[in-house]
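Colleague: Let me begin by handing over the structure; questions about it come next.
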Ligand SMILES: [Zn+2]
């Protein structure tokens, strides 16, 4: 079957575009068209089909209409009546500045094909031609192969490639760098942006080079970073030869925000290896109509998170202390979530479809991000391997082995494949480690892993001149509800939970005195740990009073610090891991836990 798609007739003020699907050499009584319910890389069900309007079909020969019946929410059946060629026409409404979205606005057109172009059931492997009729003067940026210019035409080898190739149309600023001789475009789409082009070129170039060095080689002949400058953060979505990031236009300064930007790019770029080419068997082929379950997402996302940090260190974007600070922050995020004890990494991966992407009031009590925990378990495994092999191997060795055996050969990763390959690559028995931290929910003793590298890990000691009071702890996370403190989460085993505080409660007074969202943290400093208090709350619009005694808050920060007199192996592990000479603790720094 020959499949051609044309998009045009854009009414961008109305966020709409016309799409035409021309099918030839049909030779069937009926044809099913299906719009995906999810987009690979974003493991939750989306209902973009709601934006498809007025879908109709006509014969190619005499233009007479063909019957179209909706079979389910995202499947249309066209009865061909013997027509060997016909055209399907429909309108797409899209106004969503998110990484997996369709955004049709007077400023730009951003297309993820999965949400705008249905596939022909049974013909997903056929090539697809796409022609784009765009506003004059606008430029098209995509990794799809160009096959014509007037109108611009592109070719996808199959439906997966079409879906995996986002398209931006507008007036983007396009920077091009050539690390390792491979053209990488950085397309900055959208108005404004407090960036310095030469800095982005330099830093992204370093990240790309460090990634290729770490993995050994690159499968790419070109790559595009799509950076959609927006009002809010949505994050990134990986593709095989590109990534789409929707980020605030002010993310490029100051320094700390800029590092967050580089960290996002490093993560998405690492995915071109891990998940796009090192791909779980359970995700091949994609079933676009429903959830695709795998227990490996922790490896695909958490391991990518850890390696993207390691790349930032190898690229010199992170100094040794910045790298350790970033890891300590991740550990804090992990330790602050009581749900870390409830589900294993495998279960968290499996449940992403209803868990990670759809948090609700109990999520922190029975779940933890498989990005965060997956990254931290990767870090601990890395330290364990470097220590036990006396730095003859590392998690980098494992990653390169997986790349060589799976990514480069096209072999898919089975659910049980990763432990054996990690053991083969390192010569170690890693079964107990996987049983405890991947399949199990054991607490991770970060300090003992840190000691393999001559470091200690623990709460950051208070500076000698820090006289700030310790605030009372309720064990809640809250949000701003028109200036009121609205409880979002009540953490397990905390004073708030024991007192019966619930998500949705609006705290309006403590001991009779009014509290506000903006001053709430400060207010709690007036009720140090161990103070009995009365909370006045609106619960579903009705006034209630609760009594509790404030608790002790978790440490506000954690830190890695060099231990005194580490042995030779620990120094060697540190140098191998961090990529810099071991340095003993400077005399002026406060002493950490040791
Ligand atoms: Zn990711």
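Every read-out reported here was derived from the displayed coordinates using simple, explicitly stated rules and does not represent laboratory data. Everything numeric here is computed off the predicted structure, so don't read it as measured data. Cβ sites come from the backbone with ideal geometry, for glycine too, and all protein chains shown count toward neighbours.
Colleague: With an 8 Å cut-off on Cα pairs and a minimum separation of 6 or more residues, tell me the relative contact order of the chain in percent.
Modeller: For the chain, the relative contact order is 10 percent.
Colleague: Something else now. When 222, 165, 468 are ordered from fewest to most other Cβ atoms inside 10 Å of their Cβ, what list results?
Modeller: Fewest to most other Cβ atoms nearby, the residues stand as 468, 222, 165.
Colleague: Something else now. What is the helix-to-structure angle for 320-335, meaning the angle in degrees between its Cα long axis and the longest Cα principal axis of the chain, kept from 0 to 90 and rounded to the nearest 10?
Modeller: It is inclined by approximately 90 degrees.
Colleague: On full extension of the chain, what length is gained from residue 191 through residue 508, given 0.36 nm per residue of separation minus the C-alpha to C-alpha distance?
Modeller: 110.0 nm
Colleague: OK, next. Under 19 Å from a point placed 7 Å out from the Cα of residue 525 along the Cα-to-Cβ direction: which residues of the range 541-580 have their backbone N that close?
Modeller: 550-557
Colleague: Most exposed first by the Cβ proxy, i.e. fewest other Cβ within 10 Å, how do 546, 229, 283, 348 rank?
Modeller: The most exposed by this proxy come first: 546, 283, 229, 348.
Colleague: Tell me whether the range 123-275 comes out rounded, prolate or oblate; compute the Cα gyration tensor, take square roots of the eigenvalues as a ≥ b ≥ c, and use a/c under 1.5 as the rounded threshold.
Modeller: Note, shape of the range 123-275 comes out oblate.
Colleague: Output the 0 to 90 degree angle, nearest 10, between the alpha-carbon long axis of helix 303-314 and the longest principal axis computed from the alpha carbons of the chain.
Modeller: Around 70 degrees separate the two axes.
Colleague: Cα axis of helix 568-578 to longest principal axis of the chain: angle in degrees, 0 to 90, nearest 10?
Modeller: Value to nearest ten degrees: 40.
Colleague: Moving on to the next point. Please work out whether the range 343-417 counts as rounded, prolate or oblate from its C-alpha gyration tensor, where a ≥ b ≥ c are the square roots of the eigenvalues and a/c under 1.5 means rounded, while otherwise a/b larger than b/c means prolate and anything else oblate?
Modeller: Here the range 343-417 falls in the oblate category.
Colleague: Normalised by the number of residues in the range 88-158, what is the relative contact order in percent for Cα pairs under 8 Å and 6+ residues apart?
Modeller: 23 percent.
Colleague: Let me know the shape class of the range 440-594, please: from the alpha-carbon gyration tensor, a ≥ b ≥ c as square roots of the eigenvalues, rounded when a/c is under 1.5, otherwise prolate if a/b is greater than b/c, or oblate.
Modeller: Prolate is the answer for the range 440-594, as a/c is 1.5 or above and a/b outweighs b/c.
Colleague: Could you tell me the relative contact order of the range 219-362? Use alpha-carbon pairs under 8 Å, at least six residues apart, and round to a whole percent.
Modeller: Worked out over the range 219-362, it gives 18 percent.
Colleague: Any chance you could check the Cα centroid distance between the range 273-312 and the range 147-219 for me, in angstrom?
Modeller: Value for the Cα centre distance between the two parts: 21 Å.
Colleague: May I ask what percent, to the nearest 5, of DSSP beta bridges between residues of the chain are antiparallel?
Modeller: 80
Colleague: Using a 10 Å cut-off around each Cβ, can you sort 531, 176 from fewest to most neighbouring Cβ atoms?
Modeller: By the 10 Å Cβ count, ascending, the order reads 176, 531.
Colleague: In nm, what is the difference between 0.36 nm times the number of residues separating residue 222 and residue 447 and their Cα-Cα distance?
Modeller: Stretched out fully, the residue 222 to residue 447 stretch lengthens by 76.8 nm.
Colleague: How many angstrom lie between the Cα centre of the range 488-512 and the Cα centre of the range 431-473?
Modeller: 27
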